Amino acid sequence: MPQRTRKPLADLHNHLGASVRPSILWSIAHRQGIKLPTKSYWEFEEMITMRGKERNRNLGEMHERFFRWTELIQSSPEAIEESVKAVIDGAYRRGNIVLHELRFNPMKRNRGGERDLDNIIMSAVWGMDKALLEYPQVKAGLILIMDRGFPPEQNMIIVDKAIKYAGRGIVGVDMAGPNHPKFSMRAHLPHFRKAKAAGLGVTVHTGEERQLDEMRFVVDEVRPDRIGHGVQCIHDRALMRRVADAGITLEICPTSNLRNSVQKDVAALKRTFKALLAHDVPFALCTDGPEMYQTHLHQEQEFLIERGILTPAQVERARKRAFEASFV
Ligand SMILES: [Zn+2]
């Protein structure tokens, strides 16, 4: 079916490091003289995408294998501008994504402080603006991500930048990254409060791997608008009720969950959706990184319907929820 005849979609959970076509990253890397571990394009494509039965043991492995390269290639003003533009306009042409929230950590793209952070963020905004100029049917916003591996003072700089550029297209903040022994969600309460007070949307990656205590804390204390993944809440009925009562939307990325061993298999994914539906937990369907996981939002929807995990009506409810829960 041609994409333009499909229903328009909103993708709320999409990482810049996993959303740019490999051929574009390949060209950017060469233009900047970045030394890649291979001279073969096909090996490079294989290196930054997942196919067949490929799986990561956990999120740590995913970050080490993939984000390491994509973040390095995107670490310049020119690279980030081109990347953001390509993701937003490509997703519209190929997947009829008319509402697009794209997220990235600017401090993982400034070569450890060598590049100016403001320049990186503004370049992302320019890339987005150029895409919107070409495709006025699309609405978009950028989310700045804090990292579990950064100390709270460093993450606060990201929040301050998000606030500084809120009027220019930064619509929210997020916390992501694999579990880190020194990380404390409590130490980041002031970060989320500050962002909220400035009118930014708040979403938090939690309840993806087994982090139930952390997710309980996020729901009760951080009180975000949305949660990235949050699928582990099915192991705690009271928590599911609190998520539903607070009206927090879960951003669920089925293929990503399977690829990163967050869900053991399709049956586990099915149980997850069943529990969420039974407790009226609101959710939107997202891709997390369509290029890395070789998927797109329509494909995610079709997969869930074909496997009998969701009905077409339930998919439609999630589609509408994504528009309602947007920060744009
Ligand atoms: Zn994510």
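(1) more than 16 Å from the ligand (Cβ to nearest atom); (2) buried (at least 16 other Cβ atoms within 10 Å of the Cβ): which one isn't true of LEU277, the others all being true?
It is condition (2) that LEU277 fails.
Do we find a residue being more than 17 Å from ILE170 (Cα to Cα) and either part of a helix (DSSP H, G or I) or within 16 Å of the ligand (Cβ to nearest atom) (or both) anywhere in the stretch 114-132?
The answer is no, given that none of the residues of the stretch 114-132 is more than 17 Å from ILE170 (Cα to Cα) and either part of a helix (DSSP H, G or I) or within 16 Å of the ligand (Cβ to nearest atom) (or both).
So, GLU64, is that one farther than 18 Å from ILE157 by Cα and surrounded by fewer than 19 Cβ atoms within 10 Å (Cβ to Cβ) or not? Working first, answer last.
Numbers: farther than 18 Å from ILE157 by Cα: yes; surrounded by fewer than 19 Cβ atoms within 10 Å (Cβ to Cβ): yes.
Here the answer is yes, as GLU64 does meet what is asked.
Could you say which residue among ALA86, ALA140, ALA162 is of a type in the set (Gly, Ala, Ser), more than 20 Å from GLY228 (Cα to Cα) and in contact (Cβ under 8 Å) with a residue 24 or more places away in the chain?
On the way: ALA140 fails: more than 20 Å from GLY228 (Cα to Cα); ALA162 fails: more than 20 Å from GLY228 (Cα to Cα).
Exactly one residue qualifies, and that residue is ALA86.
Please go through (1) within 16 Å of the ligand (Cβ to nearest atom); (2) loosely packed, with under 14 Cβ neighbours inside 10 Å for SER184 and return the number of the only condition it doesn't satisfy.
Tallying (1) within 16 Å of the ligand (Cβ to nearest atom); (2) loosely packed, with under 14 Cβ neighbours inside 10 Å, SER184 fails exactly one: (1).
Can you name the residue in the stretch 268-316 that is at pLDDT 95 or above, among the small types (Gly, Ala, Ser) and not in a helix (DSSP H, G or I) and is also nearest to GLU54 (Cα to Cα) among such residues?
Per the criteria, the residue is GLY308.
If MET62 meets every condition in (1) part of a helix (DSSP H, G or I); (2) at pLDDT 95 or above; (3) among the aliphatic types (A, V, I, L, M); (4) within 24 Å of ILE252 (Cα to Cα) apart from one, which number is that one?
(2)
Hey, does the stretch 256-269 have a residue that's over 19 Å from TYR293 (Cβ atoms) and away from the ligand (no atom under 16 Å from the Cβ)? Even if it seems obvious, please write down each step before you answer.
Of the stretch 256-269, the ones over 19 Å from TYR293 (Cβ atoms) are 267.
Filter once more, keeping what is away from the ligand (no atom under 16 Å from the Cβ): 267.
Checking the stretch 256-269: at least one residue is over 19 Å from TYR293 (Cβ atoms) and away from the ligand (no atom under 16 Å from the Cβ).
Here's the yes/no breakdown for (1) more than 19 Å from the chain's Cα centre (by Cα); (2) loosely packed, with under 14 Cβ neighbours inside 10 Å; (3) within 16 Å of the ligand (Cβ to nearest atom):
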position: GLY167; (1), (2), (3): yes, yes, no
position: VAL173; (1), (2), (3): no, no, yes
position: LEU189; (1), (2), (3): yes, no, no
position: VAL202; (1), (2), (3): no, no, yes
position: PHE217; (1), (2), (3): yes, no, no
position: ASP236; (1), (2), (3): yes, no, no
position: MET240; (1), (2), (3): yes, no, no
position: ASP245; (1), (2), (3): yes, yes, no
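The values are calculated or read from the model by the stated rules, or taken from the named source; none is laboratory data. Everything numeric in this text was worked out from a predicted model, so none of it was measured. Reconstructed Cβ throughout: ideal geometry from the backbone, glycine too, with neighbour counts over all protein chains shown.
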